[in-house]
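To start, the structure under review is shown below, and the notes come after it.
The values are calculated or read from the model by the stated rules, or taken from the named source; none is laboratory data. What you are looking at is a predicted structure, and each value in this text was computed from that prediction instead of being measured. Cβ coordinates were reconstructed from backbone atoms using ideal geometry, including for glycine residues, and neighbour counts include every protein chain displayed. Ligands, DNA and RNA are stripped out before the accessible areas are found, and what is left, the full protein with its side chains, is counted by its heavy atoms. Shrake-Rupley method; radii C 1.70, N 1.55, O 1.52, S 1.80 Å.
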Amino acid sequence: MLKKSTVFALSFSALYSITAIAQDQPSSGKYNHFYSSSPQDQKRVSDIVQNMSLEEKIGQMTLVNMATIKKESIPGNWDAIEKYHIGAILADGDEMPETGKPNLPDWQTQMQAIGSHNVTLANNNKIHIRLLLGTDAVHGDQHVANAVIFPHNIGLGATHDPELVKQIATWTAYDIKHSGFNWVYAPTVAVVHDYRWGRTYESFGSDPSWIKRFAEAYILGAQNSDDEKHQLRGVLTSTKHFIGDGNTDDGVDEGNVTVNDEAQFIKENYAGYEGAFSAGTGNVMISYSSINGTPMSVNKEYLKKYLFAEDDLVPRFNGFTVSDYTAITKAVYARHQVFHETLADAVNAGLDMIMVSQYDIEKASEDPALPDHSSNLSAFQAALKFDHDLPDGTPYKITEQRINEAVTHILQVKLAMGLLDSSQATLTPPEGNEDEVALKAAEESLVLLKNSTKEHQPVIPLTPEIKHIVLLGKVDDIGILCGGWNINWQGHEGNQYHTDDKASSILTGIKRIAPPGTEIIRELDTMKQLDLSKYTAKNTVVIALINEPPYAEFMGDIDNNNFNYNFAINSNLPPVEPGSLIMNFDDQPLGIIKSFKERNIPVITILVSGRPRIVNSSEDAPFNISDAFIAAWLPGTTGGEAIANAIFGKYRFGSNTANTLSVPWPKDMASIETGRLVCPSIRKIDDEQANAFYDCGYGLTT
Ligand code: BGC
C-alpha cells in the first residue's frame, strides 16, 4: 500500500494508476466518475498536456473575472483570452454585460462572444481548448433580470425534499447554459453553526446527513452526467467551500475554525462532500477560512486527508480544485508573505486552478522577487511560473510536474464536458414547468412557528369572513424576497429586475388570491386616521412583514468585531457594525399593530431573512405580539405567491417532511454565542443546554 505522504508527490502518470486500481475495486468504485475516464480519454488528455507550453498550461490554471479580461482586451474583442491562454472566466457578483443591462439577450450576446474564443495550441493547431464559464447561480440564473430565482438554500433545507432540489438544480443548469455559462459555483455544503455568519442562507442547515442528501441531489441535477459515456451533459458544479466555512469561531465569515477534536470537526462538516463525491462533482472550491490558523487555500494537510484521501487508494474526489476569489491575496495577508510564496504553497497544497481578481494582480505586481510589476494579468502569471530556490537553499517552487498534474485534472473535466471538442451538445429544456418547481420550493420552505389566537383559534388559513387585510412592511418588494446574489453581489431592493408576471411580491400574491371585494389597507399614514370601528376580530387580519435587507458574504456578518481579511484589501468598505440577531418592529408599525390588537384583531408576522433571528426578546417582540408567525427565509421570485397561498390555505403547511426547520431556532444571543446551536445529530452532551426556542424538525401544520 502506498503511504499517504508519498502519494501526493506521484507523477501524473502514476496518478492514473491510482485511478486504475480504484476502478478495479467495486466496493469503492462509487467515487469514480467520468473523470476517471477510459484509457483512450486518458491518453488524449495526456497527449494534449505533452503538447502544451508552460504558458499554455498556466493559462488553463487561470480563472479570471470578466472585467479583467475586458480591461486587457481591445474593446469588444476579448482577445486577452488568447493572449494569456485563459482556461476559465467568471462573472463575479456585480458583473454586467457590456451594455450595462442584465437582460438575457445581452448576456447571451456577450457570452457567445466570449465563448467563441478558445486556446489553440501553438504546437498543434488542431487542438482547441474551450473555456469554462462560471457564475454564482446559487439560487437560479442570478445575473439575469426576470430569471426565476429559487429560495436560498436555508429555505430549501426546510423543504427536506432532495428530489425538489434536484429539479431546481436541473433548471438552474439549463438556465445558465441558455445564458452562455457552463459552470455553477454551487452547491454550498457548509453546515451552519452560528447565525451571525453572513452566509447562513447559503447553507441547507445544520444537519450534516440532510446536507449530504441535498448535495448529492443538486449535483446529479446540475451535472446530469453519464458515467458510462464519461460525459457531463449539464453544467459543472463547484462544491464549496472546502471545509469548515460554516463552523468558524463566532460565525465570522472567512474566519478561523479552532479545531480541538478533528474527528468531531469532520463528523460535523464533511458529510456534504461525501454526498458531492458520490454524485461526481467535478470541482471543489477551497474555503477562504482557516483551520487553527492555516488558511484552507494552503492547508495541504486537510486537502490531502479529506479531499484527495488516498489512504485507501481511492481518490474520493477526482475532479479539479479551484481557489476562491482573491483567496491567494487574502492568504498572503494572513501569512505575512509575498505573493509568489503563498501561491506556491497553495498550488503545492493541491489547488489546480486559481480564481484571480485585480487584487491578486496588484499583489503579484508588488512582489519584489517577481519580474513583472505591471498591473496586468501577466504579473499574476509570472508568479505561477516562478521557479527558484529560497535563500536558505530550500526549493520553493511550483514544479512542472505539479503543473502537469493540475492541468490534467482540469482537462479531464473539460473533456467530459465536451470542451475539447468543437461541437456542442444541443440544449433541451428539462421536463415540467420551472415556475411550478419554484413555487413548490417556496411553499415547502415556509415554516409556521406559531398559529393560535388567545382564544386558541388558528389564524392560518384565513377564514372566508376576512374582508379587510392590513399590510405592514415592505410587502411590495421582490428584491428582498430574493436576497443576496441577485443581479448584484449584495442583491437589491425593489421590483425593477423582476417585472415578469410570474414573479410576485407579497402584495401581488395577496391581491391575486384574496376574494374579490377584499379591502387591502397598506399606507402607514392612512392607517393612523382609520376609523377602526368597522374592523373586528372576525373580518380583519393584520399581516406584518419584517425583513433583513439583502446582503452577501461577510457584508452580512452580524456582531463581527473581528478582523476580516477583506478590510485589509477593501479599505473602501464600511466597517461592519457590531450588532445582534435580535429583531423588533419599528415604532410606527408596532403602534399600528397594537391598535389593532386592542380590538383582538389577529396579527400574522412574516419574517423574510437569511437566518433565524431572535424574535421573542420582549413582550412587543414580533413573535410575542403575533398570533401567527411564518419564517419565510429568502423564498425568491415566487415567494410572494407562496406566502399568499399558504396564508389563504391554497397551500397547506406540512406536506410530508416539508415546512420544518433544518436549523434550531435560537432563544437568545447566549444560545448563539456557544457556537453550538446545531441539529441533534451532531450535538455533544454539553450542547443539550444549547437552548433552542424551537428545535430542528419543528414546524406547525395547517
Ligand atoms: C465567494 C464564492 C464565489 C466567488 C465567485 C467569492 O467571494 O466566496 O462563493 O463563488 O466569490 O464569485
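Counting only DSSP H runs of at least 4 residues, each contributing -39500 (n - 2.57), and dividing by the residue count of the chain, the helix-based mean residue ellipticity at 222 nm comes to -9500 deg cm²/dmol. In terms of distances greater than 20 angstrom between alpha carbons, the cross-link table entries Lys267/Lys684; Lys363/Lys385; Lys240/Lys330; Lys83/Lys240 yield Lys83/Lys240.
Summarising the amide proton neighbourhood of Ile398: residues at separation of 5 or more, or on other chains, whose placed amide H is nearer than 5 Å comprise His388. Only protein heavy atoms count here; on that basis, with a 1.4 Å probe, Arg676 has an accessible area of about 40 Å². For the chain, give me the percentage of DSSP beta bridges that are antiparallel, rounded to the nearest 5 percent. DSSP beta bridges in the chain are roughly 30 percent antiparallel.
Taking other residues whose beta carbon is less than 14 angstrom from the beta carbon of Ala122, and scoring Lys, Arg as +1 and Asp, Glu as -1, yields 0.
Amide H contacts under 5 Å for Gly282: Thr237, restricted to partners 5 or more places along the chain or on a different chain, H placed in the peptide plane at 1.01 Å from N. The Cα center of segment 482-555 and the Cα center of segment 611-664 differ in position by 14 Å.
How far, in degrees from 0 to 90, does helix 639-648 lean away from the longest principal axis of the Cα atoms of the chain, to the nearest 10? Around 30 degrees separate the two axes.
Once the chain from Ser38 to Lys229 is taken as fully extended at 0.36 nm per residue, the excess over their C-alpha distance is 67.9 nm.
Each Lys and Arg contributes +1 and each Asp and Glu -1, all at the Cβ; summed about the Cα centre of segment 624-687, the dipole is approximately 200 debye. Only the Cβ atoms of Lys and Arg (+1) and of Asp and Glu (-1) were treated as charged; on that basis the dipole of the chain about its Cα centre amounts to roughly 1160 debye.
Less than 5 angstrom separates the built amide H of Ile520 from those of Ile469, all sequence-distant by 5 or more or on a different chain. Built from the Cα atoms of segment 659-699, the convex hull projects on average onto 2.6 nm², one quarter of its surface area.
With contacts taken as Cα pairs under 8 Å at a separation of at least 6 residues, the chain carries a relative contact order of 17 percent. The angle between the Cα long axis of helix 339-349 and the main principal axis of the chain comes to about 90°, on a 0 to 90 degree scale. Relative contact order of segment 251-356, taken over Cα pairs closer than 8 Å and 6 or more residues apart, is 28 percent.
Of the Cα atoms belonging to the chain, the radius of gyration and Dmax stand at 25.9, 88 Å. Taking Cβ atoms as reference points and 12 Å as the exclusive limit, the residues near Val138 contribute a net charge of -2, counting Lys and Arg as +1 and Asp and Glu as -1. Positive contributions from Lys and Arg (+1) and negative ones from Asp and Glu (-1), summed over other residues with Cβ under 14 Å from the Cβ of Pro515, come out at +2. In the chain the longest region clear of GluC sites (Glu not before Pro) that are loop-assigned by DSSP and have at most 11 other C-beta atoms within 10 Å covers 1-227. The angle between the Cα long axis of helix 162-179 and the main principal axis of the chain comes to about 60°, on a 0 to 90 degree scale. For the chain, the Cys residues with no second cysteine's beta carbon closer than 4.7 Å are Cys482.
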